[in-house]
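Enquirer: Here you go, one structure.
No value in this document is a laboratory result; all are computed from the given coordinates. This structure is a prediction, so every number in the text was calculated from the model and none was measured. A quick note on method: Cβ atoms are made from the backbone with ideal geometry, for glycine too, and the neighbour counts reach across all protein chains shown.
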Amino acid sequence: MKKQTLLLLRFVLILATILLMAYSKSGLDIASPGYVVALLYLLTNLTLYFIPETRFSRPFITFGVFLVDVVAISVAIFLTQGMQTDFYLIYFLIIFIAAVGQDIRGSILIAIVACALYGWLLYRANPGVSIFNSAILIRIPFLFIVALISSYWSTEMRRQLKSKKELETFAHKLEDEVTRITEKETELRRYSETVINSVASGVIAVRGDGTITTVNPEAARVMGCKQDKLTGSNIEEIGGLAVLWQKMKKSIEANKPLERLQISIKNTKNKTIPIGLSVSPMTSSNAKFSGCVGILRDLSEVKELEEKLKHAERLSYLGKMASWIAHEIRNPLTAIDGFSQLLAHTENKKKIKTFSDEIHKGAKRINHIIEDILTFARTKPRVKASDIDLHKLMTQITETIPNVKFSIKGDENPIIVGEEESLKSLFTNIINNSIDAMDKNPMLVIDFHKRKQWVVTEIIDNGKGITEEDLKKLFTPFFTTKSRGTGLGLAIVKKIVDDHSGKLEIESEEGKGTTCRIYLLKKEK
Amino acid sequence: MKKRILVCDDEEPIRLLLNESLQDSYEVVEASNGRDALSLAAKEHFDLIIMDIKMPNVHGLEAIERIRTRNDSIPIIICSAYRSMEDDIVVKTSNISAFMTKPIDIKTLKARIFELIGT
């Protein structure tokens, strides 16, 4: 019980006591000792006022206070001789207050003390009174009944109050927990937003129906639109993003990621932007979270750099080409020019023949060089499709090459569709390279076989092989390991193979030899 | 006695041309690569060397550098199809008498040789 409540109830009790004393049978004059009792009674209340609040939680303090009350009332009844009056009703009030202020044991004890004192007062006022006297028979049990009922009632009240308090505490805790979770959720959302917004690549999440759910600043920049305008809008309604949506839809439908795609989008500012795209599908039982997430990278700068690089490469090629032409053409040109000068000053028939032959050889060589340049520089394939028997073609080529042993084996009917002159040039170039790589006892194995849609021609030499470093640069124009090589041979070979939609593989081991594998499309029956 | 000229070029027609053009006034000895030229220059006496640059087995520039370590006075004429910046450096550092870019004019070549060694 709270200190203030207890003090207040006691004041009421004191007031009631004074009033009952005043209206008692003997009356109350100013010199009555009853006032002394009332005064003392009041003093106990004042003393209690100075006792700290915490002490009131101790049961023996409250019990002591109520005990004092019972004794004080008994003294007041004794002094006012109010044993037969309604003065005893004050006991009910004390018992009731005691029941509210403490537990059932305390209130029963107070009731016992009250019964004993009141019984003694009754007995003293009426010596020899029967126990069956109505005053004893009714009033004393009633004191107990009141003690029990009020104790039960106050316990119940306290229990309810406790439940209510617990409920309130629980509600507060719940409220705190909800606030904490909400704060955590907000923090997490902000954190993930910060992470997504900080990604240097563009991030765009789209639901299955095309609604954009998340878009980061980089993606918004690429699309040429504000982030908040894009969020919530439908990707299908944004012109120029059709290709992007098409790829995303494909990933959603197949439930498979698409990686490293290169597409071009037209952003809202009507600017075409090349982008690198990876799409991952998002699957969830909740349609709200189903869709896909796209990671896009603006490739404008990369493409620009690539273009610059290509331009630089073209210029570099041009420089190399100029140097190559100078080397290759000026030598036969020197011969033609020089021998024609000598021709004018000689009458020796043998010399005339030698000089003329040299002029002719020089002219032929220049023509051959021009042919090579034209083949290399040709942008469109010059394939006059006809059926070619590679076996026959290879026999023709090898017959013109002296001092080399050839072993042609494998499939005897390797027919492909291609252009004869180009293929002759292709095989001649490869065979010449192989011969150049072999020092003594040159021996070349040429093997034909069919594999799936291909006719595979393997040209195997037992030469010195190619270093790993040189293998990487083999098809680079003007790259040569030979002091007299033009550096165009294998670049032309590659070009002819590409023109025929074929494939070329070169395997080599230093000191052991090289295998060149040419894949050409076989003739369909 | 005729003065001796060493002609070093991997192109057989060029060697033939130079031989035919100069044989009336000089004794011409041919080498088809840098290695042969070095070996001939080490063994025999020559009054002048005509050297190509792009050649198999010891590049022309390397051959010139090695010849210069033994003989820094012999006139050397380079006859090359292409003159690169690298060639320019060698011309400056290796005391080259002339750099003639192909196609060479026989008359000019003969005049330059005459200037250098006479007949």
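Enquirer: List the lysines whose Cα lies under 20 Å from the Cα of A:K229, skipping any in the same chain that are fewer than 8 positions away.
Expert: Cα-Cα hits under 20 Å: A:K266, A:K269, A:K271, A:K288.
Enquirer: Over the Cα atoms of the range B:3-117, what radius of gyration and what Dmax do you get, in Å?
Expert: 12.6, 35
Enquirer: Order by neighbour count: A:M321, A:M21, fewest other Cβ atoms within 10 Å first, most last.
Expert: A:M321, A:M21
Enquirer: When a/c is below 1.5 the answer is rounded, else prolate if a/b is larger than b/c, else oblate, so apply that to the range A:1-154 with a ≥ b ≥ c taken from the square roots of the Cα gyration tensor eigenvalues.
Expert: The shape class here is oblate.
Enquirer: Hey, another quick one. What ranking of B:E20, A:E469, A:E306 emerges when the number of other C-beta atoms within 10 Å of each C-beta is taken as an exposure proxy, fewest first?
Expert: A:E469, A:E306, B:E20
Enquirer: Show which lysines lie in cross-link reach of A:K165 when reach means a straight Cα distance below 20 angstrom and same-chain residues fewer than eight apart are skipped.
Expert: A:K2, A:K3, A:K173
Enquirer: Let me ask another. Once every DSSP H run of n ≥ 4 in chain A is given -39500 (n - 2.57) and the sum is divided by its residues, what mean residue ellipticity at 222 nm do you get, rounded to the nearest 500 deg cm²/dmol?
Expert: Helices in chain A give a 222 nm mean residue ellipticity of -19500 deg cm²/dmol.
Enquirer: Sorting A:L7, B:L61 on the 10 Å Cβ count, fewest up front, what's the list?
Expert: Placing the least packed residue first, the sequence is A:L7, B:L61.
Enquirer: How far apart, in nm, are the 7 Å Cα→Cβ label points at A:L148 and A:L374?
Expert: According to this spin-label approximation, the distance is 13.1 nm.
Enquirer: Here's something else I'd like to know. How large is the charge dipole for the range A:199-298, taken about the Cα centre, if only the Cβ atoms of Lys, Arg (+1) and Asp, Glu (-1) carry charge, to the nearest 20 debye?
Expert: The calculation lands at about 180 debye.
Enquirer: With just the Cα atoms defining each centre, how far is the range A:338-398 from the range A:430-477? Give it in Å.
Expert: When both Cα centres are located, 25 Å separates them.
Enquirer: When you take every Cα atom in the range A:174-239, what is the radius of gyration, and what is Dmax, the widest Cα pair distance, in Å?
Expert: Cα-based Rg and Dmax for the range A:174-239 come out at 14.8, 49 Å.
Enquirer: If we count every other residue with Cβ under 10 angstrom of B:N95's Cβ, Lys/Arg +1 and Asp/Glu -1, where does the sum land?
Expert: +1
Enquirer: For the range B:48-68 and the range A:107-168, what is the separation of their C-alpha centers, rounded to whole Å?
Expert: 136
Enquirer: Give me the percent of Cα-Cα pairs in the range A:199-298 that sit more than 23 Å apart, rounded to a whole number.
Expert: 14
Enquirer: Let me know the shape class of the range A:291-402, please: from the alpha-carbon gyration tensor, a ≥ b ≥ c as square roots of the eigenvalues, rounded when a/c is under 1.5, otherwise prolate if a/b is greater than b/c, or oblate.
Expert: In terms of gyration-tensor shape, oblate.
Enquirer: Evaluate E = 1/(1 + (r/R0)^6) for B:S39 and A:L318, where r is the Cβ-Cβ distance and R0 equals 45 Å; express this FRET efficiency to the nearest 0.05.
Expert: Step by step, r from the Cβ atoms, then E = 0.70.
Enquirer: Once you have a ≥ b ≥ c as the square roots of the Cα gyration tensor eigenvalues for the range A:356-487, tell me rounded if a/c is under 1.5, and otherwise prolate or oblate according to whether a/b is larger than b/c.
Expert: Here the range A:356-487 falls in the rounded category.
Enquirer: Let me ask something else about it. Using the eigenvalues of the Cα gyration tensor, what equivalent ellipsoid semi-axes result for chain A when each is taken as the square root of five times the eigenvalue, whole Å, largest first?
Expert: Output for chain A: semi-axes of 125, 25, 21 Å.
Enquirer: What whole-number distance in Å separates the alpha-carbon centres of the range A:248-287 and the range A:58-98?
Expert: 89
Enquirer: Be a star and scan the range A:210-239 for residues whose amide nitrogen sits under 20 Å from the point 7 Å along the Cα-to-Cβ vector of A:F289.
Expert: A:210-216, A:232
Enquirer: When DSSP assigns beta bridges and you keep just the ones with both residues in the protein assembly as shown, what percent turn out antiparallel, to the nearest 5?
Expert: 70
Enquirer: At a Cα cut-off below 22 Å, give the lysines reachable from B:K3, other chains included and same-chain residues fewer than 8 away excluded.
Expert: Partners within reach: B:K43, B:K107, B:K110.
Enquirer: Treat the range A:388-457 as a sphere of radius equal to its Kirkwood radius over Cα pairs and apply Stokes-Einstein at 20 °C in a medium of 1.002 mPa s; give the translational diffusion coefficient in µm²/s, rounded to a whole number.
Expert: This corresponds to a translational diffusion coefficient of 169 µm²/s.
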